[in-house]
1. From the list Ile126, Ile61, Ile94, which residue is part of a helix (DSSP H, G or I) and under 14 Å from Cys181 (Cβ atoms)?
2. Need the failing condition index for Ile174 against (1) surrounded by fewer than 22 Cβ atoms within 10 Å (Cβ to Cβ); (2) assigned to a helix (DSSP H, G or I); (3) among the β-branched types (Val, Ile, Thr), just the number.
3. Can you name every residue in the stretch 105-122 that is without any contact (Cβ under 8 Å) to a residue 60 or more places away in the chain and either within 14 Å of ligand 3 (Cβ to nearest atom) or among the hydrophobic types (A, V, I, L, M, F, W, C) (or both)?
4. Any residue at all in the stretch 49-62 that is at pLDDT 95 or above, surrounded by 20 or more Cβ atoms within 10 Å (Cβ to Cβ) and in contact with a Lys or Arg (Cβ under 8 Å, 6 or more places away or on another chain)?
5. Quickly run through the stretch 130-139 and pick out the residues that are within 15 Å of Arg19 (Cβ to Cβ) and part of a helix (DSSP H, G or I).
6. Would you mention how many residues in the stretch 126-135 are surrounded by fewer than 21 Cβ atoms within 10 Å (Cβ to Cβ) and under 13 Å from the mean Cα position of the chain (by Cα)?
7. In this structure, is Ser71 more than 21 Å from Val161 (Cα to Cα), surrounded by fewer than 17 Cβ atoms within 10 Å (Cβ to Cβ), free of Cβ contacts under 8 Å to residues at least 12 places away in the same chain and over 18 Å from the mean Cα position of the chain (by Cα)?
8. Kindly evaluate Asn56 against the criterion of being within 16 Å of ligand 3 (Cβ to nearest atom), more than 15 Å from the chain's Cα centre (by Cα) and not aliphatic (A, V, I, L, M).
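The values are calculated or read from the model by the stated rules, or taken from the named source; none is laboratory data. Because the structure is a prediction, the values reported are computed rather than measured. Neighbour counts are summed over all protein chains in view; Cβ atoms, including those assigned to glycine, are modelled from backbone coordinates with ideal geometry. Note: areas computed on protein heavy atoms with side chains; ligands, DNA, RNA excluded. Shrake-Rupley method; radii C 1.70, N 1.55, O 1.52, S 1.80 Å.
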Amino acid sequence: MKNKNSYIDIATDLIPAPRLAHSKRVAENGKELAMHWKDNEDNAYLAGLIHDIAKNTSPEIYKKKGITNISKTLLAVFKDFPCLWHSFAAPLYIQHMLNIKNRSILKAVKWHTTGRGNMSKLEKIIYIADYIDPCRKISTISYVKELAWEDLNSATFAISVSTIYTLLATNRNIHPFTIQCHNYYYKFIEKKRSKEICSRILKSLN
Ligand code: DGI
Ligand code: FE
Ligand code: FE
C-alpha cells in the first residue's frame, strides 16, 4: 500500500470537493474511533477517506473505466436500490482505480451504508463514522456519537433504527442487509437497553 499522503492525492483527484470534505471528516472520525477501540488507525483513516469514492458512478462509468466484471447482483442493486450502488460496488472500483486489496478495508467500505449482521470492528467504525458526520444534519447524531464512545454495538443498533425509521417515513424500500443489521444488533443488546436506544432515537427524529 502507498502512504497516507499519496492516497489523499488520489482521493483529491477522484472525489468532488464537498464529498472530499465529508470523506476527510469520516476518515478523522474513523481514526479517532479506531484509536479509542484499539483497532488499526491507518486502515480506519483510509477506509473513511475512500468510503464514498464510487458515489455518482454507474455501471456505464465502470465500463468506460475498464471495470467489466460487474455481477448481476450488483446491476440489480443499481436498479432497485440506487443509493446503495456506491457502497456495494465500491470494492470493484477501489481495486481497479487504487489497487487497494486489503479485504478488511474493502469490506468496511462495502457495508458502510446498510451495515450487516456480525460486522468487524472496522466495519462498525466506518458505518458509525459516516453517520455521525455533521453534514448529515440529523438530530440523532449527538446521541449516536455518545453511544459510539461507550459501545460500538449500541451505536450500530441506534443507526439501524434511525435509518429504517427514516426510510419508512419517506416511503423507500429497505434492503435485506439493512434489516439483517438491525435484527443482529437488536438480539445482541440487552432488551432494556435496545428499548431505551429505540425510544431515544424515535423521540429525537420526531
Ligand atoms: O453516502 P452518504 O451520503 O455519506 O451516506 P450513506 O452511504 O449512508 O447513504 C445514505 C443514503 O442511503 C440515505 O439516502 C439512505 C440510503 N439507504 C440506506 N439504507 C438503505 C437506503 N436506501 C434504501 N432505499 N434502502 C436501504 O435499505
Ligand atoms: Fe456513502
Ligand atoms: Fe459518506
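1. On the way: Ile61 fails: under 14 Å from Cys181 (Cβ atoms); Ile94 fails: under 14 Å from Cys181 (Cβ atoms).
Unique residue meeting the criteria: Ile126.
2. (2)
3. Leu106, Lys110, Thr113
4. yes
5. Once the filter is applied, which keeps residues that are within 15 Å of Arg19 (Cβ to Cβ) and part of a helix (DSSP H, G or I), the stretch 130-139 yields Asp130, Pro134, Cys135, Arg136.
6. In the first step, residues of the stretch 126-135 are kept if they are surrounded by fewer than 21 Cβ atoms within 10 Å (Cβ to Cβ); the result is 133-135.
If we keep only those that are under 13 Å from the mean Cα position of the chain (by Cα) too, we end up with 133.
Residues in the stretch 126-135 being surrounded by fewer than 21 Cβ atoms within 10 Å (Cβ to Cβ) and under 13 Å from the mean Cα position of the chain (by Cα): 1 in total.
7. Values: more than 21 Å from Val161 (Cα to Cα): yes; surrounded by fewer than 17 Cβ atoms within 10 Å (Cβ to Cβ): yes; free of Cβ contacts under 8 Å to residues at least 12 places away in the same chain: yes; over 18 Å from the mean Cα position of the chain (by Cα): yes.
Taking the combined requirement at face value, the residue satisfies it.
8. Values: within 16 Å of ligand 3 (Cβ to nearest atom): yes; more than 15 Å from the chain's Cα centre (by Cα): yes; not aliphatic (A, V, I, L, M): yes.
Judged against the criteria, Asn56 is a match.
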